[in-house]
Amino acid sequence: FITDFLTWRWVFYINVPFGLVSVLLLRMFLREESPRREHRLDYLGTLSLTASVALLLLALLEGTEAWGWGDTRTLSLMVAAAGGLALFLWQEKRAPEPMLPLDLFQNRVIALASVGGVLMGTMLFCAAAFVPMFTQGVLGGSAVDAGMTLAPMSIGWPIASTTSGWLLVKRGYRPFILGGAVLGTLGCLLLALSDSTQGKGPIMVAMFLLGLGLGFLSTPYLLAVQNAVPWKRRGVATSSVQFFRSIGGAIAVAALGAMLNGHLADTLGPGVDPNPALNPELRPYLPPETLQAIATALEGGLGSIYAVM
């Protein structure tokens with residue numbers, strides 16, 4: 001609604017007051033006493049990991065859209081990303097207080113939760129990136145329509161997350177993680193099987209199932225990790241799980257976006273820009289046959305992405 005009737009920038013501005021109120025509430029009411037001591041920040045580890053991830057994402061995005069996989073620039077970015085990752089791993093083994101202590105992953109709970117976080121991030125980020133594309137480019141909807149297809153995920157997640165939080169003590173982690181995985185898989189499968197003749201209904205059902213699945217996964221993964229480490233390592237263990245979710249999602253969106261770009265280029269040819277088909281203001285100016293060709297190509301490419309999810 002904000003995008004259609006104000007401007008897309010307000011989608012970001014509107015978060016600022018909520019963020020400030022959250023900070024205020026935490027300062028007022030969060031009470032955790034622990035002995036304070038001096039720390040040594042892991043600057044080299046932080047910079048090398050940031051650079052490695054940024055270079056990898058740049059290679060995945062520009063390598064398909066602008067340069068091509070075999071281009072020297074793409075290959076150079078890949079090599080530089082690998083070098084940054086190697087430097088990061090070397091630094092984390094020697095740093096007095098590493099940003100991401102590698103010995104954490106000797107704990108099976110943390111190792112599995114990190115892998116689960118990557119998969120969660122893939123489903124979450126890719127749904128947010130590619131479902132609106134289906135709604136607008138294939139079904140011919142607006143930003144409001146795209147929001148309607150995303151909303152059920154935002155409803156299912158807190159329902160499942162709250163429910164699992166209540167029942168974890170009695171039932172343990174495993175039933176909710178397995179149930180969440182099944183629901184998330186069903187949601188993605190329903191997305192993959194949807195087509196343009198069915199409208200938004202199946203998409204919204206799929207997103208609700210996906211939201212339930214992610215909600216049932218997120219709370220057990222987080223609490224399991226926090227309970228698997230001593231109190232003083234709870235912060236780094238928690239942030240590592242969140243990090244793997246974010247980085248897994250970011251890399252997945254870039255990789256699957258590259259796959260979609262390749263599909264569109266093969267189907268439509270290099271000279272056709274599919275972006276006007278996503279914009280309700282530009283869509284009427286496209287020739288009907290071009291618009292139909294773009295919609296068909298998008299539907300095929302996005303169906304493959306949902307199957308990968």
Query - Quotient of C-alpha Rg and 2.2 N^0.38 Å, computed over the stretch 60-112 - result: 1.60
Report task. Assuming a ≥ b ≥ c are the square roots of the Cα gyration tensor eigenvalues, decide whether the stretch 159-286 counts as rounded (a/c under 1.5), prolate (otherwise, with a/b larger than b/c) or oblate. Result -> prolate
Query - Share of carbon and sulfur in the accessible heavy-atom surface of the chain [1.4 Å probe, %] - result: 66 percent
Report summary line: Expected field for T7, accessible surface area in Å² at 1.4 Å probe radius, rounded to 10, holds 40 Å²
Report task. Among P101, P230, P280, determine the one that fluctuates most according to a GNM of the chain built with springs between C-alpha atoms less than 10 Å apart. Result -> P230
Query - Top positive-direction residue, dipole computed over the chain with Cβ charges, set L89, Q198, M309 - result: L89
Report task. May I ask for the angle, rounded to the nearest 10°, between helix 108-133 and the longest principal axis of the chain, with both axes built from Cα atoms and the value confined to 0 to 90°? Result -> 30 degrees
Report task. Springs between alpha-carbon atoms under 10 Å, Gaussian network over the chain: tell me which of L87, L24, L298 tops the mean-square fluctuations. Result -> L24
Query raised in the report: Using helices alone, what [θ] at 222 nm do you get for the chain, with -39,500 (n - 2.57) per DSSP H run of 4 or more residues, divided over all residues and rounded to the nearest 500?
Result: -25000 deg cm²/dmol
Query raised in the report: Most mobile of F216, F29, F125 per a Gaussian network model of the chain (Cα springs, under 10 Å)?
Result: F29
Requested in this report: Quick one: which residues, 5 or more positions from W69 or on another chain, have an amide H under 5 Å from its amide H? H modelled 1.01 Å from N in the peptide plane, none for Pro or chain starts.
Outcome: none
Report task. Compute the acute angle (0 to 90°) between the alpha-carbon long axis of helix 234-268 and the principal axis of greatest extent of the alpha-carbon atoms of the chain; round to the nearest 10°. Result -> 20 degrees
Report summary line: Tilt, helix 143-171 to longest principal axis of the chain (alpha-carbon atoms), in degrees rounded to tens, equals 30 degrees
Report task. Once you have a ≥ b ≥ c as the square roots of the Cα gyration tensor eigenvalues for the stretch 1-126, tell me rounded if a/c is under 1.5, and otherwise prolate or oblate according to whether a/b is larger than b/c. Result -> oblate
Requested in this report: Sort the stretch 81-181 into rounded, prolate or oblate with this rule: let a ≥ b ≥ c be the square roots of the eigenvalues of the Cα gyration tensor; rounded if a/c is under 1.5, and if a/c is not under 1.5, prolate when a/b is larger than b/c, oblate otherwise.
Outcome: oblate
Query raised in the report: In whole Å, how far is the Cα centre of the stretch 163-179 from that of the stretch 236-280?
Result: 32 Å
**Report entry** trypsin sites (Lys or Arg not before Pro) restricted to DSSP loop in the stretch 1-91 with at most 13 other C-beta within 10 Å
**Finding:** R9, R31, R36, R37, R40
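The values are calculated or read from the model by the stated rules, or taken from the named source; none is laboratory data. Source: prediction; values computed, not measured. Glycine gets a Cβ as well: all are built from the backbone with ideal geometry, and neighbour counts include every protein chain shown. Protein only, heavy atoms only, side chains kept; ligands, DNA and RNA dropped before computing areas. Shrake-Rupley method; radii C 1.70, N 1.55, O 1.52, S 1.80 Å.
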